Each structure stands twice: as C-alpha cells, then as structure tokens.
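All remarks here apply to the structure that follows.
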Amino acid sequence: MDYVAIEKKWQKIWEDEKRFEVKNYVNGKENAYVLIEFPYPSGKGLHTGHVRSYSAMDAVARKKRLQGYNVLFPMGCDAFGLEAERTAIKEKKPPQEIVARNIATFKEQLKCVGLSIDWSRAINTCDPEYYKWTQWLFLQFYKHGLAEKRYANVNWCPNCGVLANEEVEDGKCCQCGSETVQKPKAQWILKITEYADRLNDDLDETEYMEHIKLGQRHWIGKSEGVQVKFKLVQGGEFEIYTTCIETIYGITFMVLAPEHKLIQENKDKIKNWPEVEAYIKQASKKSEFERAELAKTKTGCLVDGLTCINPVNGKEVPIFIGDFVLVSYGTGAVMAVPSHDQRDFEYAVAHNIPMIQVIEGADVSEKAFEKGDYLGKGCKLINSQEFTGLTVEEAKVAITDKLVKMGVAKKQKNFRMQDWVFSRQRYWGEPIPMINCPKCGWVPVPENELPVLLPKVESYEPTKDGESPLSLIDEWVNVKCPCCGGDAKRETDTMPGWAGSSWYFMRYCDPHNDKEFASYDALKAWLPVGLYNGGNEHTNRHLLYARFWDKFLYDIGLSPVNEPFKARVSQGIVLGANGVKMSKSLGNVVDPRDVIKEYGADSLRIWEAFMGDYFADVNWSDEGAKSANRFVGRVCGLKDMLVPGDEVSNELAYEVNYAIKKVTEDIDKIKFNTAISQLMILVNAMYKAKRVNNAEYKILLTLLNPFAPHITEELWTECGYGKNFLNATWPKYDETKLVQNLEEIAVKVNSKIIASAKINPANTQEEILNAVKGIEEIKAQINNKTIVREIYVPGRIINFIVK
RNA sequence: GCUGGUGUGGCGGAAUGGCAGACGCACGGGACUUAAAAUCCCGAGGUGGCAACACCGUGUGGGUUCGACUCCCACCACCAGCACCA
C-alpha cells in the first residue's frame with residue numbers, strides 16, 4: 001500500500017475542507033485549548049524530537065474532538081532571536097529573509113506529519129502585525145509603572161552585548177561561549193519582582209507536573225525571615241536580613257557586602273581604610289561567577305573602627321566585609337553566626353573570630369550545626385538568656401516578637417529572582433516603543449503610531465560601543481517628541497527573545513484582531529490553556545514570564561484568568577541513535593521527512609508514541625518505525641477479515657471494552673506507549689479470532705485515529721463508515737464486559753506459587769477457596785498441615801499459610 | 001555541595017503491594033513460496049537438566065509484610081537543574 005500517497009490525499013482534503021479551523025464559539029460544544037510551544041525556526045529544521053511532541057499533542061487534540069469538544073490546537077513561529085541574526089550576519093542577508101526561508105522548511109516538515117492544526121490562526125512573532133501588539137503590551141507595562149529605564153550591572157558579552165542572567169552559564173555567554181563581564185548600563189527592566197509572591201503562591205492553583213512547580217519555586221526563591229536594625233556604636237544604623245532569627249545570640253560578627261553604602265558613608269571613621277579600599281577594589285574586579293567560584297575560601301577583611309550593638313543583649317559586635325555577601329540580595333548585610341551557618345563558620349576560621357553555640361544537639365567544633373539539620377527535630381536553645389530552653393520553633397516566634405516590640409525588626413519576605421532586564425542592543429527584536437526627549441524625558445510612542453517598524457539596515461552587528469545597529473540610522477533615531485514636538489530620539493534597544501513568546505498563546509485566541517491584542521471575549525472562550533506542553537529548557541524562564549504577563553493583564557482587566565495554563569507538562573528529549581542529543585555536527589539528526597518517505601507519517605507517529613515514556617528521554621531507532629509500519633499493515637489487513645455485525649461480539653467483548661478503557665485513560669494521562677501497546681493487543685486478539693465485525697473494527701479505527709489519522713480515515717471511508725472522521729464519536733466502554741466469566745488466578749501456599757487456577761469471580765470467597773483446595777498440586781501441599789491463614793485478593797492472588 | 005530524576009532480559013520498555021519482563025525490536029523454529037522478500041503461526045529472563053523440574057533473578061545492603069520492581073532506612077552509579085540567596 002502506498003501510504004505516502006494516501007497521506008498526501010488526506011492532508012489535501014483536510015486543508016481544502018478547512019477541517020481543523022475552529023470558531024471561538026460553537027453552539028453546545030465545550031471548548032478545549034491544547035497548546036504546544038511554538039518552535040524557533042532555526043536553520044536546522046525540525047527533527048523527529050519535535051514530531052514526537054507535536055504528534056503527541058495532536059493525539060490529545062484529535063481525541064478531544066472525537067469526544068465532542070471544540071478544540072483549539074494552534075501553531076506559530078517564535079522568529080526573533082539571535083540565531084537568525086547571526087545567520088544574517090554570516091550570509092549578509094536580512095534576517096527577515098533567513099526567517100522566511102526557515103519557516104517555509106518548517107511548515108513543509110510539519111504539514112507532512114498530518115497535524116490537525118488550525119493554520120488560519122498561525123502567527124509569527126516577527127510579523128509587524130504581531131509585534132505591534134508586543135510593543136503595545138510593553139507600553140501597558142510602562143503606563144502602569146512596571147517598566148522603567150534603570151542603571152544596572154549587566155552581563156556583558158564582547159560578541160553578543162548585553163545578556164540576561166539566564167543567558168550566562170558558568171561565566172560564559174550561552175550563545176557564543178565568550179567570557180562575560182559585569183558592566184553598568186541603562187537598561188529597560190520589567191518589574192517582575194512585584195509579582196514574585198503571587199508567581200510563587202499561585203502555583204498551588206495549577207496542575208503543573210511537580211518538578212515544574214519546583215523549578216518555578218526555586219527560580220523565584222522565596223524566603224521568609226526577619227529584617228533587623230543594628231545600631232552602630234559610632235552613630236548610624238544598618239539592617240540585616242535573616243531566616244534564622246533563633247540564632248541571634250550566637251552572633252560574633254557582622255558581614256557587609258563590599259559595595260554596601262555604609263562603608264563609603266563611614267570612610268573617615270574606618271581606621272584601616274587602605275586595606276578596606278583595596279579589598280573593595282579587588283572584589284569589584286571579579287565577575288559574579290568568579291565570586292561564586294571562589295566559594296571555598298571566604299575572603300574579606302575587618303572594618304576597623306566600626307562596631308554595632310546586638311539589640312537582644314547589648315553586646316558590641318565587630319563588622320567585616322566579604323564578597324560572599326551579595327549586595328543584590330536582602331539588605332546586602334548579614335549577621336554572622338559561625339556555629340550555625342557553614343559560610344560564617346568558614347569565615348570565622350579564616351579570620352580567627354570566636355564562636356558561640358546557641359542550639360544544642362551537635363558538635364560545632366568542626367563544622368556548623370545548620371538549620372537544615374536542626375529544624376523540626378525539637379532542638380533547644382542554649383546561651384540565649386530568657387529564650388534558653390525553648391525549642392528552635394518556639395524561639396523563632398518569641399525572639400521575633402521581642403524584636404518587633406522593641407521596634408528594631410519586621411518580618412520580611414525575600415526573593416532570589418531579580419527584575420527582568422528587558423533591553424537588548426541587538427537588531428533582530430521588537431524595537432522598544434519609547435522616545436527620549438531632552439525636555440519631557442521618556443515618552444511612549446503614541447499607540448496609534450504602532451508598530452514601530454524595524455528599519456532596514458546595512459549591517460546587523462552591534463556597534464563597537466555595544467549599542468544596537470539601529471542607533472546608526474539617524475533618520476530613524478531622530479523624531480519629534482510626541483509630547484512637546486521638539487527634537488527627540490528613539491530608543492534603539494530592542495526586546496529580548498522572550499518577549500513575543502510571553503503572550504503568543506493569547507494571540508492564538510484572536511489572531512487577526514487589528515483593534516486589540518486579543519478581545520476579552522475571545523480570551524474568555526479559551527483560557528486558561530487546558531494542557532500546555534513544552535521543553536524542559538523553558539520550564540523556568542518562559543513559563544515564569546508568560547505567567548507574569550498574564551497576571552499583569554489580569555490585574556488591568558484585559559485577561560480573564562489569573563493563571564494562563566491549567567496544566568503544564570514537559571516531554572523527554574529524543575536523542576540520536578547513539579544516545580546523545582541530535583545535532584548537525586554529530587550527524588545524528590533524523591529528518592522526519594526521510595522517515596515519512598519510507599514508512600509514512602502514521603508509522604512515524606505511532607512509533608514515536610510507542611517508543612517509551614513520553615516524559616523520559618529516549619534514543620531514536622530506525623527499526624522502530626519499521627515495526628510501527630508492520631502494525632499499520634496489520635490494521636489494514638483486518639479489512640479482509642471483516643464480517644457483518646453492528647454490535648461487539650461476545651468473543652471480543654472483553655478485549656474491545658478493555659482497549660476502550662485503557663486507551664481513553666492512557667491518552668488522558670499521556671501514557672501513549674501503553675495505549676499503543678493495548679491497541680496491538682486488540683489487533684492480535686482480532687487476528688486470533690480470525691474475524692472482526694464492523695462494530696469492532698470501527699472502535700479499533702477510532703481508538704487509533706488520534707495516532708494514525710490518515711490510514712484510519714482511509715479505512716473508515718473505504719469501509720463506508722462515513723466521509724469525515726470528525727463525525728465519528730469516541731467509544732464508551734461497557735463496565736459489565738470487563739468482568740470475565742472465568743479468570744485465571746495464581747494460588748500460593750506459604751507465599752510460593754503452586755498453581756494457576758481458573759475461578760469464577762462471581763462466586764463467594766468460600767466457594768472459590770474450597771474449589772482451589774481441590775486442585776491436586778494444592779492438595780499435596782496442604783494435606784496433613786494446618787491452614788493458619790487464607791488470603792484471597794479478588795483478581796490478584798490466593799495464598800494459604802500452612803504449618 | 002544542594003534539589004530533582006533514573007537504575008528491570010541482547011535492546012526499547014510494562015507492571016492500583018499480588019503469577020516480574022505486558023507490548024515491541026532483534027533472535028530461533030514452522031507454514032506459504034521453485035526460491036527469497038513480505039506475510040501468518042509458535043518459542044524464548046539466566047543457570048543446570050533430554051525432560052518434568054530445581055535454583056537464581058528488577059543497582060547494593062538492611063527492614064516492614066502472608067507477599068516488595070513497588071513502601072521505609074542506609075548506600076552506590078548515572079543524568080538534569082541550581083550553585084555563597086543569609
């Protein structure tokens with residue numbers, strides 16, 4: 001059979017009939033939104049790994065349609081980004097051209113897989129019709145005070161310019177591998193930290209896979225503690241942040257970040273200023289990465305001349321600086337309790353500072369007894385005045401109360417996550433729609449002038465001083481201020497790659513709207529996304545950003561939901577046959593088109609569903625596609641064994657009903673491998689029966705349709721069951737048929753399997769056990785012995801314990 | 001270092017605490033064929049045995065249980081993420 005021709009035929013019919021185009025409202029139908037992350041159309045094209053997750057979500061979408069849902073299953077392109085820009089620089093062609101070329105390949109690849117995508121809703125983030133609204137959304141952030149231009153230390157890559165924290169790995173640029181350095185620069189930032197608490201807590205409302213929630217929580221890094229004021233003996237005060245207030249009597253010194261402003265303010269009081277200054281200078285030369293890398297030795301120095309008072313006991317405490325304290329987190333200052341914090345312990349050892357143990361339960365001469373070890377174990381305080389004898393948990397509350405009453409402390413939440421640096425000095429991104437006027441300051445581009453189009457440029461490289469190439473186009477940069485009409489300049493920074501993907505799932509709901517980014521009614525029809533599938537690499541950042549944008553839009557009344565995604569899952573990676581990630585340079589990339597040419601898309605899809613647990617990594621194998629092809633052939637072969645019959649026969653009742661149950665549940669649980677396996681079992685049973693009737697065949701084809709949509713529709717029409725598979729209905733199983741008349745059960749004596757018995761599960765336990773005791777092998781084992789216990793677990797096991 | 005995940009035949013992988021290895025690949029045997037391919041049927045964890053059968057088997061060592069791949073404790077190996085977050 002020429003599968004490829006059949007598949008082409010159906011793909012054309014689906015396209016001509018606009019089968020999978022969906023309206024926002026269909027009378028009497030419930031809506032379901034199935035979303036898979038849109039691809040970045042790189043020059044590499046798609047490989048079989050993409051096909052696995054696309055066809056998996058396609059299966060979910062197709063099944064939902066057959067179950068009577070109105071299903072939105074869209075696709076698009078995340079087209080801005082560094083890769084296209086680099087190719088543009090290399091090939092000296094506009095990135096628009098590169099992207100158009102890549103999208104064409106990508107569409108061709110996707111189409112031959114036979115996905116039930118509504119292509120009329122396709123979007124592309126670099127299309128001005130789309131990025132007009134990305135710019136508009138930025139302006140809403142600005143108008144609500146959530147976007148501002150601020151000097152900040154940024155990661156600077158000599159090749160790629162400014163990088164987000166996320167783009168730096170091990171002190172190196174994640175794109176080009178160059179060493180990065182810290183550089184201060186005025187940057188547009190989005191104040192995502194204002195949403196940190198909700199981004200953390202609202203995860204409880206979602207049904208994300210547990211590891212994804214953990215990833216989000218870790219990235220946000222919420223901690224709850226106490227912020228305490230310490231008075232300087234020399235006048236003035238500073239604050240520290242701690243999550244271990246119970247150890248406050250164990251303070252033997254304080255550590256400030258080298259950049260802490262208290263140091264500069266008290267320069268004249270510091271007796272060893274040259275030493276302190278030298279240390280600050282040395283620390284500032286290190287990148288964040290180097291500071292982290294030198295974790296083993298805790299460097300720093302005493303700030304001679306400054307001391308402070310511990311508010312709980314009035315003790316005078318020395319002050320140090322050390323670069324293990326980060327100025328960007330908490331208050332940039334810590335109370336050091338070497339007995340109960342390993343970093344403080346190491347610092348104290350290195351600088352000969354005494355220690356005071358305040359929690360009993362471990363020896364602190366070699367290493368600190370830390371919160372991870374003492375919390376929740378009922379450990380008690382020592383050396384802590386009136387708090388001595390309280391448990392750690394009691395002391396946390398009591399000490400906080402005391403400090404709050406004294407007016408020197410407050411409870412405080414802190415987050416590891418920092419504000420989102422939203423500027424890039426690159427060409428290939430959405431221009432940030434702002435104008436800088438010498439008189440009026442930053443002025444937004446009027447909304448009716450959007451989009452701010454990317455102008456054509458000669459060269460796409462950033463300038464030598466690290467500005468966007470847009471800054472070189474005078475006629476683009478120089479504009480009149482929308483406010484006062486005077487001479488002004490456009491912002492030349494562009495947005496990061498994450499911008500367009502932060503709201504694309506909303507645009508799908510209303511992709512051609514030229515009045516709004518998406519109408520509230522359209523969003524209300526589809527959101528929240530029922531199932532969102534994407535790669536593990538986007539679990540932290542993209543997901544966080546998209547949730548942030550949605551929460552903001554929810555707050556200003558433009559989104560109907562506080563959480564945009566109900567469930568989120570991440571597929572495993574399809575590795576090359578050699579067990580390593582597919583990459584062009586290793587030559588282990590498999591182009592789905594090659595597999596489809598040989599075996600057809602249905603076989604590829606079945607094999608990718610069957611090859612293993614969807615959430616675990618798997619190695620690609622060509623052999624598997626062949627075996628799936630064999631299975632498709634067997635399904636086709638059944639057509640020759642067709643006999644009349646409008647009802648499922650008794651002979652196949654159990655297999656058919658069990659398959660319905662199993663496949664339905666497995667697709668819901670995204671256990672495609674066992675769903676396919678059950679279909680194979682059903683087909684095997686039909687072959688064993690040497691016949692199959694129409695009712696049974698219809699059920700088989702329907703259950704298989706989500707995975708193999710072409711061949712099932714072909715057989716469906718050939719058998720005269722209908723002309724459009726969308727008119728089929730997903731079968732329901734008959735619970736009564738799942739009970740077999742006689743069932744095999746293992747019989748054990750003293751937990752050892754002795755026999756396998758056929759029993760009638762409808763009988764009473766006593767009848768069954770008596771019948772089983774009559775079996776020869778069992779008789780031999782229990783004769784002349786006393787049965788001390790009889791265990792019967794219906795459907796599972798019988799076990800006699802004898803003495 | 002911390003967090004999370006994984007560990008089952010030659011291979012990919014199944015198993016609400018209940019006959020471990022479903023289903024498939026590769027393999028062996030048979031049918032069909034002049035022959036091969038394709039297809040269909042049968043077999044198969046390991047060791048020993050002609051065989052019936054016996055013993056051993058889910059990373060390692062303990063534990064709970066009538067019964068453990070599954071639950072608990074300790075450990076090993078590999079993979080991924082985070083890495084001074086006070």
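Taking only C-alpha pairs under 8 Å that are 6+ residues apart, what is the relative contact order of chain A in percent? Show your work: numbers first, answer last.
Working: 1438 pairs, mean separation 111.4, N = 803.
It comes to 14 percent, rounded to a whole number.
Which of the pairs A:669/A:737; A:93/A:456; A:149/A:213 have their Cα atoms more than 21 Å apart in this structure?
Flagged as over cut-off: A:669/A:737; A:149/A:213.
Going by average Cβ density within 10 Å per residue, which order do the peptides A:569-575, A:3-9, A:546-552 take, highest to lowest?
Details: A:569-575: 19.9, A:3-9: 17.1, A:546-552: 23.3.
Going from most to least packed, we get A:546-552, A:569-575, A:3-9.
Find how many whole Å separate the alpha carbon centroid of region A:372-423 from the alpha carbon centroid of region A:596-616.
54 Å
Of all chymotrypsin sites (Phe, Trp or Tyr not before Pro) in region A:297-357, which ones are in loop regions per DSSP and have a Cβ with at most 15 other Cβ atoms within 10 Å?
Listed in order of number, the matching sites amount to none.
Tell me, how many Å apart are the Cα centres for region A:456-533 and for region A:303-361?
Region A:456-533 and region A:303-361 have Cα centres spaced 47 Å from each other.
At a 10 angstrom cut-off on C-beta neighbours, averaged per residue, how do the peptides A:768-774, A:119-125 rank from highest to lowest?
Top to bottom by mean Cβ count within 10 Å: A:119-125, A:768-774.
With r as the distance between the Cβ atoms of residue A:349 and residue A:406 and R0 = 30 Å, compute the FRET efficiency 1/(1 + (r/R0)^6) and round to 0.05.
Values: r = 32 Å, r/R0 = 1.07.
After rounding to 0.05, the efficiency reads 0.40.
Ignoring ligands, DNA and RNA, what percent of the 1.4 Å accessible area of chain A is carbon and sulfur?
Here it works out to 50 percent.
What accessible area per residue, rounded to a whole number of Å², is obtained for region A:38-125 using a probe radius of 1.4 Å? Walk me through the numbers on the way to the answer.
Working: 2690 Å² over 88 residues.
Per-residue accessible area for region A:38-125 comes out at 31 Å².
How big is the antiparallel share of DSSP beta bridges in chain A, given as a percent to the nearest 5?
Percent antiparallel among DSSP bridges in chain A is about 75.
Throw me the Rg/Rh for region A:692-803, computed over C-alpha atoms with Kirkwood Rh, two decimals.
1.31
Can you give the accessible area per residue of region A:445-520, in Å², using a 1.4 Å probe?
47 Å²
Taking the simple approach of a point 7 Å from Cα along Cα-to-Cβ for both residue A:42 and residue A:442, what is their distance in nm?
Each label point lies 7 Å from its Cα, and together they span 3.2 nm.
In the structure shown, do any of A:222/A:396; A:281/A:371; A:63/A:690; A:92/A:172; A:286/A:315; A:107/A:551 have a Cα-Cα gap over 25 Å, and if so which? Intermediate values should be presented prior to the final figure.
Details: A:222/A:396 18 Å; A:281/A:371 33 Å; A:63/A:690 29 Å; A:92/A:172 27 Å; A:286/A:315 34 Å; A:107/A:551 32 Å.
Over 25 Å apart, Cα to Cα: A:281/A:371; A:63/A:690; A:92/A:172; A:286/A:315; A:107/A:551.
From the helices alone, meaning DSSP H stretches of at least four residues, give me the mean residue ellipticity at 222 nm for chain A, per-run term -39500 (n - 2.57), in deg cm²/dmol to the nearest 500. Before the final figure, lay out each step's value.
Details: 26 runs with 284 residues, N = 803.
Counting only the DSSP helices, I get -10500 deg cm²/dmol.
Given R₀ = 41 Å, FRET efficiency for residue A:765-residue A:690 by Cβ-Cβ distance, to 0.05? Kindly include the intermediate steps, with their values, before the conclusion.
Working: r = 38 Å, r/R0 = 0.92.
About 0.60, to the nearest 0.05.
What is the Cα convex hull volume of chain A when expressed per residue in Å³?
Convex hull of Cα atoms, per residue: 236 Å³.
Per residue, how much accessible surface does region A:207-247 expose to a 1.4 Å probe? Answer in Å², no decimals. Don't skip to the end; give the middle numbers.
Values: 1750 Å² over 41 residues.
It amounts to 43 Å² per residue over region A:207-247.
How far apart, in nanometres, would the label points at residue A:18 and residue A:182 be if each is projected 7 angstrom from Cα along the Cα-to-Cβ direction?
So the two model labels end up 5.8 nm from each other.
If one computes the Cα centroid of region A:670-684 and of region A:70-91, what distance in Å separates the two points?
If you average the Cα positions of each part, the centres end up 35 Å apart.
Evaluate E = 1/(1 + (r/R0)^6) for residue A:100 and residue A:275, where r is the Cβ-Cβ distance and R0 equals 60 Å; express this FRET efficiency to the nearest 0.05. Mind showing how you got there, number by number?
Working: r = 61 Å, r/R0 = 1.02.
For R0 = 60 Å, the calculated efficiency reads 0.45.
The values are calculated or read from the model by the stated rules, or taken from the named source; none is laboratory data. Model, not experiment: these values are computed from the prediction. Note that we place each Cβ from the backbone using ideal geometry, even for glycine, and neighbour counts take in every protein chain shown. The accessibility values were calculated without ligands, DNA or RNA, using every heavy atom of the protein model including side chains. Shrake-Rupley method; radii C 1.70, N 1.55, O 1.52, S 1.80 Å.
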